[in-house]
1. Out of Arg115, Arg146, Arg106, report the one residue that is without any contact (Cβ under 8 Å) to a residue 24 or more places away in the chain and either surrounded by fewer than 19 Cβ atoms within 10 Å (Cβ to Cβ) or not hydroxyl-bearing (Ser, Thr, Tyr) (or both).
2. Counting just the residues of the stretch 118-141 that are in a helix (DSSP H, G or I) and on the phi > 0 side of the Ramachandran plot, which one comes out surrounded by the most Cβ atoms within 10 Å (Cβ to Cβ)?
3. Can you name the condition, by its number, that Arg301 falls short on among (1) more than 28 Å from Asn172 (Cβ to Cβ); (2) touching a Phe, Trp or Tyr at 6+ places or on another chain (Cβ under 7 Å)?
4. Quick check on the stretch 242-251. Is at least one of its residues farther than 24 Å from Pro364 by Cα, part of a helix (DSSP H, G or I) and not hydroxyl-bearing (Ser, Thr, Tyr)?
5. Can you give me the number of residues within the stretch 268-303 that are in a loop (DSSP other than H, G, I, E, B), under 22 Å from the mean Cα position of the chain (by Cα) and either surrounded by fewer than 19 Cβ atoms within 10 Å (Cβ to Cβ) or not aliphatic (A, V, I, L, M) (or both)?
6. Given Leu144, Leu152, Leu128, which one is closer than 16 Å to His246 by Cβ, modelled with pLDDT of 95 or more and not basic (Lys, Arg)?
7. Against the conditions (1) over 23 Å from the mean Cα position of the chain (by Cα); (2) surrounded by 19 or more Cβ atoms within 10 Å (Cβ to Cβ); (3) in a helix (DSSP H, G or I), where does Leu306 fall short? Just the number, please.
8. Quick one: what pairs do we get from the stretch 16-29, first residue on the phi > 0 side of the Ramachandran plot, second in a loop (DSSP other than H, G, I, E, B), C-beta under 8 Å, 6+ apart or different chains?
Amino acid sequence: MLAQTDIVSFPIIQRQEHRVVFTREVFAPDNETLAQLLESGETGVTARVLLFLDTGVEAAFPGMTTKIIAWFALRESRLQLAVPPLLVSGGESVKNDFHEVETVWRAINQSGLCRHSYIITIGGGAVLDMVGFAAGTAHRGMPLVRIPTTSLSQGDGGVGVKNGINFFGKKNWIGTFVVPHAIVNDAAFLKRLPVRDRRAGLIEAIKVALIRDAEFFEFIAARADALAQGEAESFEAVIRESARQHVEHIATAGDPFERGSARPLDFGHWAAHKLEQMSAFQLSHGEAVAVGMALDLIYARRMGLLPAPLAERILSLLQQLGFALYTPLLAERGADGRSCVLQGLEEFREHMGGQLTIPMIRAPGDRVDLHTIDPALVEAAIDELKSRYG
């Protein structure tokens with residue numbers, strides 16, 4: 001006779017490779033990088049591909065659509081581009097409109113793609129997030145190749161396993177965790193980025209260095225002048241190492257799909273996500289993270305966690321690289337008289353579930369998780385940021 005409660009449990013273990021390929025001029029006629037990633041390996045089978053291209057990339061690299069079509073035409077016996085590249089508006093606004101996701105789904109359906117076809121998305125982090133979410137939910141998940149084109153997406157957001165769109169006014173409220181088929185970082189895309197967009201990737205490089213690797217922090221600090229001037233070799237080296245650090249953490253730290261309560265790579269992000277919302281996403285992610293990191297650095301110093309000389313050195317580096325460390329949004333207050341940005345703490349906890357877990361640092365490469373944050377100390381840190389940088 002069976003017991004009232006009977007549990008049958010079997011582990012499901014699936015090995016997945018999280019790979020980033022570094023190349024230059026991925027759509028040059030003789031560059032086989034992407035072809036090798038897309039070929040099915042089955043004799044006589046032609047891989048079908050649907051490609052989405054950020055309008056900002058097409059504007060910055062005129063003729064990119066024609067170049068992509070020509071690249072596929074040279075390999076038509078192995079790869080089939082289902083339709084010409086489909087343009088998608090870039091920027092955070094693409095994640096605020098659910099109809100954009102429906103447009104991607106419709107294109108997949110009308111092209112007759114299946115779960116063995118490939119979706120390629122080329123663009124900044126917002127486009128990668130939105131198209132990645134659509135690909136991860138169409139046919140219960142289709143192989144996705146990301147080709148990030150901004151410093152922020154090549155060094156951080158585009159090399160992860162998260163996809164999402166904004167909903168209820170909250171960043172990435174709807175989304176999926178999916179390991180992409182591959183990520184291709186093409187350094188050629190970094191050349192024509194505006195100064196604001198080039199700088200954005202550096203903040204996430206500094207963040208991952210502060211969290212994981214003191215030597216990487218010193219590597220960045222030693223090249224601060226070159227980075228501030230946009231020197232290509234130093235810039236590409238920092239973005240590449242930032243990507244490697246992020247991927248290594250995701251693959252080896254034991255929680256790639258964030259089932260726990262901690263988000264160790266999100267130093268400075270609890271405030272940053274809220275500031276982005278408060279600005280209606282006019283404040284870029286990189287700019288918001290710079291302010292959020294400055295706020296947390298001051299907070300950590302005030303609570304005695306981070307020595308003052310180290311805090312000042314990190315703040316000075318952020319300024320040297322051109323980041324603003326204060327926004328008037330920090331001064332906005334709600335009906336209860338409290339700083340509006342403090343609402344970001346509960347939203348951060350809610351998004352993760354479990355107890356509040358905020359990463360802080362004691363020194364570069366030395367992270368500690370805090371489970372309580374003193375609102376009064378946050379207010380004092382905001383006041384200090386305003387007096388120093390406002």
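1. Working: Arg115 fails: without any contact (Cβ under 8 Å) to a residue 24 or more places away in the chain; Arg146 fails: without any contact (Cβ under 8 Å) to a residue 24 or more places away in the chain.
Within the list Arg115, Arg146, Arg106, the selection yields Arg106.
2. Of the stretch 118-141, the ones in a helix (DSSP H, G or I) are 125-140.
Subset that is on the phi > 0 side of the Ramachandran plot: 139-140.
Values: His139: 15, Arg140: 7.
Restricting to residues being in a helix (DSSP H, G or I) and on the phi > 0 side of the Ramachandran plot, the top hit is His139.
3. (2)
4. Step one: of the stretch 242-251, the residues farther than 24 Å from Pro364 by Cα are none.
No: the stretch 242-251 contains no residue that is farther than 24 Å from Pro364 by Cα, part of a helix (DSSP H, G or I) and not hydroxyl-bearing (Ser, Thr, Tyr).
5. As a first pass, look at the stretch 268-303 and keep what is in a loop (DSSP other than H, G, I, E, B): 268, 279-284, 303.
The next check asks that each one be under 22 Å from the mean Cα position of the chain (by Cα); those that pass are 268, 279-284.
This time we only want the ones that are either surrounded by fewer than 19 Cβ atoms within 10 Å (Cβ to Cβ) or not aliphatic (A, V, I, L, M) (or both), so: 268, 279-282, 284.
Number satisfying all stated conditions: 6.
6. Numbers: Leu144 fails: closer than 16 Å to His246 by Cβ; Leu152 fails: modelled with pLDDT of 95 or more.
Criteria check complete, one pass: Leu128.
7. (3)
8. Glu25/Asn31
The values are calculated or read from the model by the stated rules, or taken from the named source; none is laboratory data. These numbers come from a predicted model, not from an experiment. Cβ atoms come from the backbone with ideal geometry, glycine included; neighbour counts cover every protein chain shown.
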